[in-house]
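Peer 1: Dumping the structure here so I can ask a few things about it.
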Amino acid sequence: MSRHSRRRHPVSSRAAAADRHRHDRHAILDALRGVGIVLMVAYHFAFDLAHFRMIQTDFNHDLFWLAARALIVTIFLGLVGVSLVLGKRAHPGPQPFWRRVALIAACAIVVTIASYFIFPQTFITFGILHAIAVASVLSRPLVGLPRVALALGAAIIFAGATVQLPLFDAPWLNWVGMMTHKPATEDYVPLFPWLGVVLIGVAIGSALPRMQRTLATGDRFAPRWLAWLGRHSLIIYLVHQPLLFGALSVWSD
């Protein structure tokens, strides 16, 4: 190889990496995640207002709030499945995937510890970050099998919504789902049915290469501020509730 060609090789590598990154991110998908962030912050703000008795509402039984929570979780977990496909296409090696899973798992542990000090009787044992980490590991082998992912995802959602067995009432099995009652915890996102949403997201992500024109149009019109929120969703998730809760705690004194 000539000296001239050796000089060009790093440039070519950087260009290829940049091209993979462009295919890994779409502003419209980031904006959709940003919508989830806005809805989540609004939901938690209302939850905190109720906690400090500034408003009265029942988050465990009111259909509006139950539907709102289901929509928020569906947005996030569906996009997890889509991102698994785009991420593997852009970065086929295992290192980026496992780094991301390790980061999310570490953040999930932080959330569990922090929630224990705030809500010692109902601290978070298997919330949305826990579900994302575990579901990502379970779903990644099906990234290349979208039809299997779709069928299995639908079956898991159906089972999670209809099957209730006393076996899964054991505290050490509450991460599975299919319990006869919701455990006492501030955030609960069990694998049944929510793993199914991630798998359906995998199936949707596999169809995106056939929708490049639609995605390109969506990218052009996606609000930049929503896309920014979507790109920084993890850090926003981690800091927004302590800020809201702390501010309302001071205000209520």
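Peer 1: Are any of the residues in the range 31-54 in a helix (DSSP H, G or I), small (Gly, Ala, Ser), in contact (Cβ under 8 Å) with a residue 60 or more places away in the chain and more than 30 Å from PHE119 (Cα to Cα)? Walk me through how you get there before you give the answer.
Peer 2: Residues of the range 31-54 that are in a helix (DSSP H, G or I), as a first pass: 31-51.
Checking which are small (Gly, Ala, Ser) leaves us with 31, 34, 36, 42, 46, 50.
Now drop any that are not in contact (Cβ under 8 Å) with a residue 60 or more places away in the chain, which leaves 31, 34, 36.
Applying the additional criterion that residues be more than 30 Å from PHE119 (Cα to Cα) yields 31.
Checking the range 31-54: at least one residue is in a helix (DSSP H, G or I), small (Gly, Ala, Ser), in contact (Cβ under 8 Å) with a residue 60 or more places away in the chain and more than 30 Å from PHE119 (Cα to Cα).
Peer 1: Further question on the same structure: Somewhere in the range 183-191, is a residue outside any helix (DSSP H, G or I), among the aromatic types (Phe, Trp, Tyr), free of Cβ contacts under 8 Å to residues at least 60 places away in the same chain and surrounded by 13 or more Cβ atoms within 10 Å (Cβ to Cβ)?
Peer 2: Checking the range 183-191: not a single residue is outside any helix (DSSP H, G or I), among the aromatic types (Phe, Trp, Tyr), free of Cβ contacts under 8 Å to residues at least 60 places away in the same chain and surrounded by 13 or more Cβ atoms within 10 Å (Cβ to Cβ).
Peer 1: Additional query: If we scan the range 99-106, do we find a residue that is free of Cβ contacts under 8 Å to residues at least 60 places away in the same chain, among the charged types (D, E, K, R), crowded, with 17+ Cβ neighbours inside 10 Å and farther than 15 Å from VAL197 by Cβ? Let's see the steps before the verdict.
Peer 2: Step one: of the range 99-106, the residues free of Cβ contacts under 8 Å to residues at least 60 places away in the same chain are 99-102, 105-106.
Okay, now just the ones that are also among the charged types (D, E, K, R), so 99-100.
Now drop any that are not crowded, with 17+ Cβ neighbours inside 10 Å, which leaves 100.
Pick out the ones that are also farther than 15 Å from VAL197 by Cβ and you get 100.
Taking every residue of the range 99-106 in turn, at least one turns out to be free of Cβ contacts under 8 Å to residues at least 60 places away in the same chain, among the charged types (D, E, K, R), crowded, with 17+ Cβ neighbours inside 10 Å and farther than 15 Å from VAL197 by Cβ.
Peer 1: Also: Here's a check for you: in the range 60-96, which residue that is assigned to a helix (DSSP H, G or I) and among the polar types (S, T, N, Q) is surrounded by the fewest Cβ atoms within 10 Å (Cβ to Cβ)?
Peer 2: Filtering the range 60-96 for residues that are assigned to a helix (DSSP H, G or I) and among the polar types (S, T, N, Q), the one surrounded by the fewest Cβ atoms within 10 Å (Cβ to Cβ) comes out as GLN95.
Peer 1: A further question follows. Here is a list: GLY144, GLY153, GLY160, GLY127. Which entry is closer than 21 Å to VAL80 by Cα and either surrounded by fewer than 17 Cβ atoms within 10 Å (Cβ to Cβ) or more than 20 Å from the chain's Cα centre (by Cα) (or both)?
Peer 2: GLY144
Peer 1: Would you call ARG231 of a type in the set (Lys, Arg) and out of contact with any Lys or Arg (no Cβ under 9 Å at 6 or more places or on another chain)?
Peer 2: So ARG231 fails the test.
Peer 1: Kindly indicate whether MET40 is buried (at least 18 other Cβ atoms within 10 Å of the Cβ) and hydrophobic (A, V, I, L, M, F, W, C).
Peer 2: yes
Peer 1: Count, please, the residues in the range 163-182 that happen to be outside any helix (DSSP H, G or I), at negative phi and not basic (Lys, Arg).
Peer 2: Adding up the residues that qualify gives 10.
Peer 1: Restricting the first residue to the range 166-180 and requiring it to be closer than 18 Å to TRP194 by Cβ and in contact (Cβ under 8 Å) with a residue 24 or more places away in the chain, which pairs with a second residue that is assigned to a loop (DSSP other than H, G, I, E, B) and of a type in the set (Ser, Thr, Tyr) meet a Cβ separation below 9 Å and a spacing of at least six or different chains?
Peer 2: ASN174/THR125; ASN174/THR185; TRP175/THR125
A short reminder: the numbers here are calculations on the coordinates, not readings from a lab. Just so we're clear, the structure is a prediction, and the values are computed from it rather than from any experiment. Cβ atoms come from the backbone with ideal geometry, glycine included; neighbour counts cover every protein chain shown.
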